[in-house]
Structure formats: structure tokens, C-alpha cells
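Everything on this sheet refers to the single structure shown next.
The values are calculated or read from the model by the stated rules, or taken from the named source; none is laboratory data. Note that the structure is a prediction, hence the values are computed from the model and not measured. With ideal geometry, Cβ positions are generated from the backbone for all residues, glycine too; neighbour counts draw on all protein chains shown. Note: areas computed on protein heavy atoms with side chains; ligands, DNA, RNA excluded. Shrake-Rupley method; radii C 1.70, N 1.55, O 1.52, S 1.80 Å.
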Amino acid sequence: CKEFRRMYKGDCLIMAQIGIKQLISLRKYRKQLKDRPQGTSVLFIPVIQHPLLLAITGPFLSFLLALCLLIYISIRKKKAYIYTRDSWNAIGFTFFSQLRKKIIAKIPSTSEDDYKGLAKRLYAALLNLLDRAVLSKAYCIGVPSYLMLKEIVLRRGIIPVGRVIQIPPGINFKNINFKENVIMRARRRNRDKYIIGFIGSLSWWQGVDIL
């Protein structure tokens, strides 16, 4: 939001999908959001956070949000710049020419690899349809790395029609207060060894095998 506000001099609305467990801990999230940048608003959307269900229900929610946004900016005479993560969140915005020209749709992974058997085939079929639609319409596609872009293009069989930008995962070290103490202790114990850390899931696209 800081970057969007700096570049476009406007307000930032975050529409965050929140699961049942997170909904129970909503008070905790509200405390964390007190430090959000000025001009930033957060709208929580309760969902069942299962990837397969999100891939099925997400496009309908995306279309509804896109329609509401289109009506809002038409009435208020405002411009909108949109950033989404995952194709099921982006697909609804690509139906409207006024919105798809302003969208950055991040496709972070080929997450069907997390499943096996029938679930994998069904999930892969859904993702293939959604990714192909977004790749063929969105103004800009974001990927965590160009290696992932190559994998997405090979699997989906389509080259993005819009711009492609790299959006690598980011870590805010200010929120990891213990890191300096951990590193110092490790250095004292293993002065002749390298210290390697990893934060993330153990999915193949995170590059743990390369690390």
C-alpha cells in the first residue's frame, strides 16, 4: 500500500480473505493492523480456506467484487489500480475492460502439485482454465521468479498478453526480533560453517532443494 500511495497518490483498500480460525483470532489481527499506513482500509471476507474450494467459489466472489468496484468508481469518478494474488481472485476483474487494464494479477505457483490422484486432476483442470483466462486478458502478470513464469507458460500452454513483472516474496526483518541473537549464537558455536535459514512452505517452487 505504501508503494501504491506513493505512486498514485490515493487511498488503498485491502480485501483480505480470512478463514474460520483467523476469524476467531480477529482481535489479534486488528491489533496488528493498527500500524497500517495512513489512508489504508481493510475489509475482511470470511471464506473456507481450502485451495480446491477457493478455486471453485473464488471466481464468483471475484466477479461480485469487480462489479461492486466498477459501480463505485463509475459513481465517484475515481481511478482504480488493482493487485490480486491467485487467478481465482483475478478472474472476475478481467471480465470488465475498464478494470483489466488496471490489474496486476500475481500467479504465485502451480499449486496442483500439492495434491495427488483425483483431487490433483480436478484442481489442475480448474487452475488451467483460470490461469489461461487471466494470462490472456490481464494488463500485467506478476510472478515470484522468471523460472516460475517458464513453468506456468509450459503447463498452461499460453504466453501472457500483458506485461510480466517479478514480485519476489518479501520478509520484513523488523518483525523478526530474535534473528540477531539467533545468528550471533550460531556463529559462536560454528565459526567455520555457513548459517542458512529458510522461511516458507516446503513446496518445490520455494526452492528448498536448491538451498
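Taking the stated definitions as given, is residue 55 closer than 20 Å to residue 167 by Cα, hydrophobic (A, V, I, L, M, F, W, C) and crowded, with 17+ Cβ neighbours inside 10 Å?
Here the answer is no, as residue 55 does not meet what is asked.
Are there strands (runs of 3 or more DSSP E) fully within the stretch 32-111 with at least 2 residues that are among the aliphatic types (A, V, I, L, M) and modelled with pLDDT of 80 or more? List them.
Details: elements: 40-46, 82-85, 103-106.
Once the strands (runs of 3 or more DSSP E) in the stretch 32-111 are filtered for at least 2 residues that are among the aliphatic types (A, V, I, L, M) and modelled with pLDDT of 80 or more, what remains is 103-106.
Look at residue 84 and say whether it is under 19 Å from residue 164 (Cα atoms), polar (S, T, N, Q) and free of Cβ contacts under 8 Å to residues at least 40 places away in the same chain.
On the way: under 19 Å from residue 164 (Cα atoms): yes; polar (S, T, N, Q): yes; free of Cβ contacts under 8 Å to residues at least 40 places away in the same chain: yes.
The answer is yes for residue 84.
Search the stretch 113-152 for residues being out of contact with any helix residue (DSSP H, G or I) (no Cβ under 8 Å at 6 or more places or on another chain), in a helix (DSSP H, G or I) and hydrophobic (A, V, I, L, M, F, W, C), and hand back the single one that is least open to solvent (accessible area, probe 1.4 Å).
That would be 149.
Could you give me the residue pairs with C-beta distances under 6 Å whose first residue belongs to the stretch 98-127 and is within 14 Å of residue 56 (Cβ to Cβ), whose second residue is outside any helix (DSSP H, G or I) wherever it lies, and which are 6+ apart or on separate chains?
Between residues of the stretch 98-127 that are within 14 Å of residue 56 (Cβ to Cβ) and residues that are outside any helix (DSSP H, G or I), the close pairs are 123/115.
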